[in-house]
Amino acid sequence: MSGMSAYLSNPQIWQESWDRQQEAFLPDREERFAAMLSAVAATTDGVAPRVLDLAGGTGTISLRTLARFPRAQVTVLDQDPVLMAIAAASLRDRGQVVDADLGDAGWRAKLPEEDFDAVLTATALHWLPAERVATLYAEIREVLRPGGIFVNADHMPEESLPTLSERLDQHARAEREARYAAGGATAWSVWWERAAADEFLAPRAVERERIYPRTRHSHEWTPPALWHVDALRVAGFAEAGVLWRGGTDAAVAGVR
Ligand SMILES: C[S@@+](CC[C@H](N)C(=O)[O-])C[C@H]1O[C@@H](n2cnc3c(N)ncnc32)[C@H](O)[C@@H]1O
């Protein structure tokens, strides 16, 4: 295997390092995924759900879906060439990877189908502006079968707890910095430097710079969970509410 990058020989290694990097931000990351997949189990036959992993990155949600439902049909949609390459290498023939920009209403035309049991997303939609998220919710509803579910987990602080939320965020930041200092986790920037140094991922990292220029990706819009719940109702979901909460993060769900 000499000369072969870690990507080609073992994409699992990149999955593990991505997880450690993300867990530094979200120590309860797996809990939110488990809550999403319990909602999928409760609303499908629990055998072969059709799941769209929206802004799915390395396919984290898809891989956990397949671990829980081995006959699931999973589709990862993203636009990051580095993360999509890791997703494709990890899924191989067990799922599809679709390259599309959620900032553009045309993303649906790139899907292999429009009748999903569940659309699941995590730590991603805060990259989009408010008005786009509200419109996107209506578009997501359109790709769900009747009774299908949408779940979005992200930073959604509780509006009625401003002081406590700030304290929780400060505490989380301090723990994260302590992990970085002790080598217990890899910082976001360091992870990307390592990806850019990988023989296979390097050209994709260059392409990524074109899609997410360093100067542009500073935007983070993280309204409270109730904003999302209202937006889901306006988008036409029959039911909308909070499925899971952990500190200042939450997962909101909508039922078509
Ligand atoms: C922090 S990652 C989270 C990935 C994955 N859900 C996870 O939990 O590991 C955010 C993802 O959102 C994707 N993303 C952001 N804006 C997007 C857009 N406009 N269209 C498609 N994907 C987007 C990024 O490329 C990235 O993969």
If you take the residues in segment 59-89 that are in a helix (DSSP H, G or I) and in contact with a Leu (Cβ under 6 Å, 6 or more places away or on another chain), which one is nearest to the ligand (Cβ to nearest atom)? Ile61
In the set Ala172, Ala185, Ala195, the lone residue that is in contact (Cβ under 8 Å) with a residue 60 or more places away in the chain, under 21 Å from the mean Cα position of the chain (by Cα) and in a loop (DSSP other than H, G, I, E, B) is Ala185
Select from segment 222-256 the residues that are β-branched (Val, Ile, Thr) and without any contact (Cβ under 8 Å) to a residue 60 or more places away in the chain and write down the one among them that is surrounded by the fewest Cβ atoms within 10 Å (Cβ to Cβ). Val242
Considering segment 72-91 alone, what residues qualify as being touching an Asp or Glu at 6+ places or on another chain (Cβ under 6 Å) and either more than 23 Å from Glu113 (Cβ to Cβ) or modelled with pLDDT under 95 (or both)? Pro81
Within segment 42-55, is there a residue that is under 23 Å from Trp127 (Cα atoms) and among the charged types (D, E, K, R)? yes
Of the residues Asp93, Asp80, Asp104, only one is within 17 Å of Thr135 (Cβ to Cβ) and of a type outside the set (A, V, I, L, M, F, W, C); which? Asp104
If you check every pair at least six apart or on different chains, which have Cβ atoms under 9 Å apart with a residue in segment 106-118 that is in contact (Cβ under 8 Å) with a residue 60 or more places away in the chain first and a residue that is in a loop (DSSP other than H, G, I, E, B) and within 16 Å of the ligand (Cβ to nearest atom) second? Glu113/Val143; Asp115/Val143; Phe116/Val143
Looking at segment 179-212, which of its residues are polar (S, T, N, Q) and surrounded by 12 or more Cβ atoms within 10 Å (Cβ to Cβ)? Thr186
Scanning segment 99-123 for residues that are more than 9 Å from the ligand (Cβ to nearest atom) and crowded, with 20+ Cβ neighbours inside 10 Å, the one nearest to the chain's Cα centre (by Cα) turns out to be Val119
In segment 33-67, the residues that are of a type in the set (Lys, Arg) and more than 21 Å from Gly147 (Cα to Cα): Arg64
Given (1) over 24 Å from Leu136 (Cα atoms); (2) assigned to a loop (DSSP other than H, G, I, E, B); (3) not basic (Lys, Arg), Gly236 misses just (1)
Pairs where the first residue, in segment 47-61, is within 20 Å of Trp18 (Cβ to Cβ) and the second is near the ligand (Cβ under 8 Å from one of its atoms) and part of a loop (DSSP other than H, G, I, E, B), C-beta under 6 Å, 6+ apart: Ala55/Ala124
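The values are calculated or read from the model by the stated rules, or taken from the named source; none is laboratory data. Quick caveat: nothing in here was measured; it's all calculated off a predicted structure. Glycine gets a Cβ as well: all are built from the backbone with ideal geometry, and neighbour counts include every protein chain shown.
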